[in-house]
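Heads up, the thing below is written out as structure tokens.
The values are calculated or read from the model by the stated rules, or taken from the named source; none is laboratory data. Note that this is a predicted model, so its numbers are computed, not measured. Don't worry about glycine lacking a Cβ; one is built from the backbone with ideal geometry, like all the others, and counts go over all protein chains shown. Just the protein is used for accessible areas: all its heavy atoms, side chains included, with ligands, DNA and RNA removed. Shrake-Rupley method; radii C 1.70, N 1.55, O 1.52, S 1.80 Å.
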Amino acid sequence: MNSNKILERTIGIAFGTAIGDAKGIAYETLTRQQIIELQNKTKKCLYTRVINNPYVPENWQVGRWTDDTQLSLAMMRAITKYLQTNENFMINIVQEHIIEWKESTGGWGGTKNAIERLSNGTHTYLDSGNKAEGNGVLMKLAPLAFYYSLCHNVNDNEIETICRMTHNSPVALSTACIYVHMCIYLFEKKNMTSKEFLQYIYELSIKYERKYELNEDKYLVSLRIKRYLDVNSSDEINENLIIDVSNGGTYYCANSLTMIIGLIACLPTCEPNFDTLIRASEIGGDTDSNAAMIGAIVGGMKGVTCLDQEHMNEIYRNDYIQKIGEEFGSAIIKYLQLEHD
């Protein structure tokens, strides 16, 4: 991949995450039907004003993003610093998470408590995590997957260590590994069928469910992927099936992951686009996190040019998002050039 393509995609990951996050936050916790009813009552606009969301402050700025974007940008900055200085990777990640924790206003869930312990110095990243099962373990990992995909250095032990810093439960570790490898697969492979994509995810799920000794049905992503595989074509992976398989796509990591997988698998060539981001933000459940992750995948697969310019113009701190995406891409480019030399 040439330098321009890398920059387009790293900037795309940053903006895709932020746009999905800001689009979805207005509908977080609502069902699909409740979102339709709300949309019928409100004027259509790029970013909907947040009303009565228990997880964000009142008077939330229209177009502002939440912890999904904060943590993704923290990961981008941490990888950038690591590539520039070769300092300890996990120390960089911890430092960047603490910076974002100090600025936190909306969201965060159990991640906030774990990072607070790190900031206070009462724990290290090896023992700071909660027995959490939320999707905070997933939302920030697309930049890591993109870095792995270009540098060909994917490391499951590293993924696990990053996850245990905040989410130290078997299902969180399993879904995180599935998600990172899924993103790498999507970033690298073209013209796949829905069946090929789902079969790959199914095999990944079996691998990591065995590794982390998951046995309860509610933890088994493989059982849910099997339901997608059992239909005759991608056309039959419709909205109702996606919502049912993902239990509404709520904050729980297995629900969120299977919602995202369904939104991709329903496409004939599994190539999500900006419309997929919009759909993720309006389908219900943890809409900001799910749309942020879809946005990151879209940006990482197709680049920033596939995103809507008007949405980019109106997003909160768009100059900062651009800067972090550019610096992330430039650091990867320089690293690859040095490796080649």
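Any residue in segment 242-258 that is charged (D, E, K, R) sitting within a Cβ distance under 7 Å of a residue that is open to solvent by 10 Å² or more (accessible area, probe 1.4 Å)? List the pairs, counting only those 6 or more apart or interchain.
Sorted first by the residue in segment 242-258, then by its partner, the list stays empty.
List the pairs whose first member sits in segment 1-29 and is in contact (Cβ under 8 Å) with a residue 60 or more places away in the chain, whose second member is aromatic (F, W, Y) and surrounded by fewer than 24 Cβ atoms within 10 Å (Cβ to Cβ), and whose Cβ atoms are under 7 Å apart, counting only residues at least 6 apart or on separate chains?
Pairs found: A22/Y47; A22/Y316; K23/Y47; E28/Y55.
Show me the helices (runs of 4 or more DSSP H) entirely contained within segment 152-211 in which 2 or more residues are hydroxyl-bearing (S, T, Y), at negative phi and surrounded by 15 or more Cβ atoms within 10 Å (Cβ to Cβ). Walk me through it before giving the result.
Details: elements: 156-164, 170-188, 194-211.
Fully inside segment 152-211 and qualifying: 170-188, 194-211.
Say whether the condition of being buried (at least 19 other Cβ atoms within 10 Å of the Cβ) and more than 19 Å from the chain's Cα centre (by Cα) is met by at least one residue in segment 120-127.
For segment 120-127, residues buried (at least 19 other Cβ atoms within 10 Å of the Cβ) and more than 19 Å from the chain's Cα centre (by Cα): present.
Starting from segment 169-182, keep only residues that are under 12 Å from V154 (Cα atoms) and touching a residue at least 24 places away in the same chain (Cβ under 8 Å), then list their pairs with residues that are small (G, A, S) and in a helix (DSSP H, G or I) whose Cβ atoms are within a distance under 7 Å, requiring at least 6 positions of separation or different chains.
V180/A145
Given the criteria open to solvent by 60 Å² or more (accessible area, probe 1.4 Å) and part of a helix (DSSP H, G or I), does K226 qualify?
Values: open to solvent by 60 Å² or more (accessible area, probe 1.4 Å): yes; part of a helix (DSSP H, G or I): yes.
Criteria met by K226.
Name the one entry in G24, G20, G16 that is under 30 Å from H340 (Cα atoms) and of a type in the set (G, A, S).
Just one listed residue meets the conditions, G16.
State which residue pairs qualify: first residue in contact (Cβ under 8 Å) with a residue 40 or more places away in the chain and aromatic (F, W, Y) and inside segment 204-219, second residue outside any loop (DSSP other than H, G, I, E, B) and open to solvent by less than 40 Å² (accessible area, probe 1.4 Å) in any location, beta carbons under 8 Å apart, and separation of 6 or more residues or different chains.
So the pair list comes out as Y212/V171; Y212/L173; Y212/S174; Y219/V171; Y219/S174; Y219/E209; Y219/A254.
Quick one: which residue in T250, T269, T276 is polar (S, T, N, Q) and farther than 27 Å from I6 by Cβ?
Answer to the selection: T250.
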